[in-house]
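Shown next, in structure tokens, is the structure this report addresses.
The values are calculated or read from the model by the stated rules, or taken from the named source; none is laboratory data. Note that the structure is predicted; figures quoted are calculated from it, not measured. FYI the Cβ positions are ideal-geometry reconstructions off the backbone, even for glycines, and counts take in every protein chain you see.
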């Protein structure tokens with residue numbers, strides 16, 4: 001579970017931003033701005049992310065705050081899962097990333113798999129929608145929902161992308177070092193449960 005104080009801080013930040021967006025009172029606006037500044041300082045202390053970066057992360061969040069969405073394509077071949085090695089931390093995760101405006105979740109899975117692994121895929125099933133804060137990931141300034149979509153290879157060639165330095169298929173008992181901010185071993189294990197049991201119902205929470 002996420003640190004409860006970080007969870008409180010994110011809620012404080014969201015309520016402050018919502019208040020700024022809807023208030024028509026100059027008096028209330030000043031108070032909401034102060035609460036917003038306090039929440040950013042608290043977030044800095046709890047996540048060890050610099051205040052400059054935190055301000056940049058939230059600089060465009062001017063409206064009603066909602067969770068960000070991380071989409072991951074789950075691709076199996078010969079009972080192994082497709083993982084890419086991220087250039088930013090040299091660790092591994094399924095291809096994917098933030099959902100883009102103008103793309104459906106399925107389209108994001110297709111685009112990211114092509115860009116990061118060189119493969120053409122077709123989405124065939126929604127496997128899981130998970131609240132990142134309930135999964136045990138490292139602390140993050142954002143509140144995030146993670147979407148996992150099972151995809152089938154239809155073409156392409158396995159190769160690195162512009163933001164990846166490695167790509168390959170791995171058995172559950174031979175996983176490389178995972179990028180903990182993007183994927184956990186427990187989530188990889190959950191994906192393999194769908195491989196073993198195609199009738200398994202979508203997991204959500």
message = Scan the range 78-89 and tell me whether some residue there is part of a loop (DSSP other than H, G, I, E, B), outside the structural domain of residue 50 (by TED's automatic domain parsing) and either more than 30 Å from residue 49 (Cα to Cα) or modelled with pLDDT of 95 or more (or both).
response = yes
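With respect to residue 33, determine if the residue is within 20 Å of residue 137 (Cα to Cα) and free of Cβ contacts under 8 Å to residues at least 24 places away in the same chain. Can you show your working first?
Numbers: within 20 Å of residue 137 (Cα to Cα): no; free of Cβ contacts under 8 Å to residues at least 24 places away in the same chain: yes.
It is false that residue 33 is within 20 Å of residue 137 (Cα to Cα) and free of Cβ contacts under 8 Å to residues at least 24 places away in the same chain.
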query = over 16 Å from the mean Cα position of the chain (by Cα) and assigned by TED's automatic domain parsing to the domain that holds residue 76: does that describe residue 170?
reply = yes
message = As an exercise: evaluate residue 122 against (1) touching a residue at least 40 places away in the same chain (Cβ under 8 Å); (2) in contact with a strand residue (DSSP E or B) (Cβ under 9 Å, 6 or more places away or on another chain); (3) farther than 21 Å from residue 165 by Cβ and give the number of the one condition it does not meet.
response = (1)
message = Give me the residue from the range 139-156 that is within 12 Å of the chain's Cα centre (by Cα) and closer than 15 Å to residue 183 by Cβ and, out of that set, surrounded by the most Cβ atoms within 10 Å (Cβ to Cβ).
response = 148
query = Taking into account only those residues within the range 2-47 that are under 19 Å from the mean Cα position of the chain (by Cα) and assigned to a loop (DSSP other than H, G, I, E, B), which is nearest to residue 133 (Cα to Cα)?
reply = 2
query = What tally of residues in the range 106-134 results from selecting those that are within 29 Å of residue 6 (Cβ to Cβ) and surrounded by fewer than 17 Cβ atoms within 10 Å (Cβ to Cβ)?
reply = 4
query = Give me the pairs: first residue in the range 101-115 and closer than 17 Å to residue 76 by Cβ, second residue assigned to a loop (DSSP other than H, G, I, E, B), beta-carbon distance under 7 Å, and six or more apart or on different chains, which are they?
reply = 112/95; 113/95
inquiry  = Can you find, within the range 160-176, the residue that is modelled with the lowest pLDDT among those that are in a strand (DSSP E or B) and in contact with a helix residue (DSSP H, G or I) (Cβ under 6 Å, 6 or more places away or on another chain)?
reply    = 164
Filter result (in contact with a strand residue (DSSP E or B) (Cβ under 6 Å, 6 or more places away or on another chain) and either surrounded by 14 or more Cβ atoms within 10 Å (Cβ to Cβ) or in a strand (DSSP E or B) (or both)) within the range 177-205 = 178, 179, 182, 183, 191, 194, 195, 203, 204
